[in-house]
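Participant: One structure coming up, written as structure tokens, with questions to follow.
The values are calculated or read from the model by the stated rules, or taken from the named source; none is laboratory data. This structure is a prediction, so every number in the text was calculated from the model and none was measured. Ideal geometry is used to build each Cβ from the backbone, glycine not excepted, and the neighbour counts take in all protein chains shown.
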Amino acid sequence: MQINDNFCKLPGSYLFSEIARRVAGYTGEHPEAALIRLGIGDVTRPLPPAVLAAMHAAVDEQGSAETFRGYGPEQGYPFLREAMARYDFQARGAEISADEIFISDGAKSDCGNIGDLFGPGNRVAVCDPVYPAYVDTNAMAGRAGEYDKVRERWTELCYMPCTAENGFTPDLPDGAVDLIYLCFPNNPTGAVATREQLKRWVDYANDCGAVILFDAAYEAFITEPEIPHSIFEIEGARTCAIEFRSFSKTAGFTGTRCAATAIPGELVRGGASLRELWNRRQCTKFNGTPYIVQRGAEAVYTAEGRRQVEENIAYYLSNARTIREGLAAAGLKVSGGVNSPYVWVGTPNGMPSWDFFDLLLQRANVVTTPGAGFGPSGEGYIRLTGFGGAEDTAQAVERIKRIL
Ligand code: PLP
């Protein structure tokens with residue numbers, strides 16, 4: 001028998017295991033150290049009360065024969081697809097209808113599973129630094145070539161550097177590519193793309209027949225009114241883009257699990273409707289997101305739910321601001337944190353990411369995420385997040401300022 005030996009080419013998931021190893025080593029020697037974790041990518045605030053109430057009511061429905069629901073539609077219940085179409089897209093001038101939205105259990109699964117629709121020979125472009133799931137899922141599908149340990153790159157991927165020089169939004173690739181992963185607001189840099197920048201990508205993709213896979217998992221953190229929340233706010237995107245949405249960071253669903261993928265009816269490649277292919281894929285391999293969870297997600301769009309979600313987001317953004325302003329005042333180069341929970345911080349005097357990580361761990365007792373773990377262009381940076389508690393965040397910033 002043959003296994004999919006692309007899996008054997010994957011390097012170990014080094015970043016978070018190496019962080020855990022270094023933290024355990026330090027706390028083993030210094031059990032008294034009160035560490036503050038500013039590297040976390042998970043939310044910490046509980047689910048909004050409106051979501052909880054809707055989920056409790058749905059639990060009760062499942063306990064009675066009259067209201068019990070078994071398998072639901074693989075695409076998601078119409079009540080949630082319609083709410084998303086109305087509030088997430090149409091209210092912002094993005095022409096997406098309920099039947100172009102597919103509810104799922106996570107943007108991570110959708111970002112990976114979408115690869116089922118595309119052949120192994122397609123050339124894939126990713127940002128550098130990058131959310132690792134885009135890279136690893138393409139490697140598993142055989143689209144990434146071989147992993148070059150020295151250059152820390154896959155031989156067949158097109159890497160688009162996101163650097164201080166280009167404001168952490170990538171330039172168009174030199175050669176032709178078929179699939180382009182874009183993520184704005186970005187993890188890890190916290191950068192956003194303007195309407196003009198996204199229009200250039202849409203025009204490029206329509207010209208060469210590429211497909212943009214747009215990850216909008218952090219759109220709820222956008223505060224600047226002119227920044228688009230959806231690629232479908234850009235003219236021409238309906239013929240070249242797929243968008244991923246998630247309730248994880250928006251509404252605290254990281255442990256509850258609900259997300260969605262939007263694929264316009266006009267998106268056709270190789271004579272096939274990608275919306276129809278995704279529908280076929282989901283009906284074959286996915287049996288739907290739990291009814292109780294979808295009712296909880298629906299409550300995010302009520303007046304109460306929206307207010308509660310906004311409060312949580314404002315809390316995380318206020319932490320991000322504490323980090324951004326505190327570290328900038330200490331003389332570090334700081335970006336992100338305005339339309340994003342992520343703050344991207346240049347290391348002092350170009351110190352390697354892992355050295356700065358160790359310094360902050362050992363001297364300030366603050367845990368961060370080294371930028372080098374997200375790709376070669378992340379070297380010289382660390383990622384901090386606003387997902388912690390307000391007091392801890394303020395204290396961590398004070399500790400960092402003291403040692404710099
Ligand atoms: N996309 C990006 C850019 C992320 O950072 C994350 C989670 O950290 C996800 C997707 C995953 O979202 P979900 O919880 O919906 O799977």
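Participant: Which of the helices (runs of 4 or more DSSP H) found entirely inside the range 291-364 contain at least 3 residues meeting this: farther than 18 Å from Arg399 by Cβ?
Facilitator: Numbers: elements: 291-298, 303-329, 353-364.
Helices (runs of 4 or more DSSP H) meeting the threshold: 291-298, 303-329.
Participant: Just to be sure I understand, how many residues within the range 68-105 are within 16 Å of the ligand (Cβ to nearest atom) and surrounded by fewer than 21 Cβ atoms within 10 Å (Cβ to Cβ)? Let's see the steps before the verdict.
Facilitator: Residues of the range 68-105 that are within 16 Å of the ligand (Cβ to nearest atom), as a first pass: 76, 80, 84, 88, 101-105.
Checking which are surrounded by fewer than 21 Cβ atoms within 10 Å (Cβ to Cβ) leaves us with 105.
Residues that pass the stated criteria total 1.
Participant: Next question. What's the number of the condition Asp171 fails, among (1) more than 21 Å from the chain's Cα centre (by Cα); (2) acidic (Asp, Glu); (3) surrounded by fewer than 16 Cβ atoms within 10 Å (Cβ to Cβ)?
Facilitator: Status for Asp171: all satisfied but (1).
Participant: Have a look at Gly112, Gly145 and point out the one that is of a type in the set (Gly, Ala, Ser), touching an Asp or Glu at 6+ places or on another chain (Cβ under 7 Å) and without any contact (Cβ under 8 Å) to a residue 60 or more places away in the chain.
Facilitator: After ruling out the rest, the residue left standing is Gly145.
Participant: Another one. Just name the residue that is farthest from Tyr131 (Cα to Cα) out of those in the range 216-251 that are within 11 Å of the ligand (Cβ to nearest atom) and part of a loop (DSSP other than H, G, I, E, B).
Facilitator: So, considering only residues that are within 11 Å of the ligand (Cβ to nearest atom) and part of a loop (DSSP other than H, G, I, E, B), the one farthest from Tyr131 (Cα to Cα) is Phe247.
Participant: Tell me, which helices (runs of 4 or more DSSP H) wholly within the range 46-161 include 1 or more residues that are in the same structural domain as Ala237 (by TED's automatic domain parsing) and more than 21 Å from the chain's Cα centre (by Cα)?
Facilitator: Values: elements: 49-62, 78-84, 107-113, 132-140.
Where helices (runs of 4 or more DSSP H) fall fully within the range 46-161 and carry at least 1 residues being in the same structural domain as Ala237 (by TED's automatic domain parsing) and more than 21 Å from the chain's Cα centre (by Cα), they are 49-62, 78-84.
Participant: Suppose we filter the range 383-397 for residues that are crowded, with 19+ Cβ neighbours inside 10 Å, within 24 Å of Gly252 (Cα to Cα) and of a type outside the set (Gly, Ala, Ser); how many remain?
Facilitator: In the first step, residues of the range 383-397 are kept if they are crowded, with 19+ Cβ neighbours inside 10 Å; the result is 383-388, 393, 396-397.
With within 24 Å of Gly252 (Cα to Cα) added as a condition, the list becomes 383-388, 393, 396.
Pick out the ones that are also of a type outside the set (Gly, Ala, Ser) and you get 383-385, 387, 393.
The number of residues fulfilling the criteria is 5.
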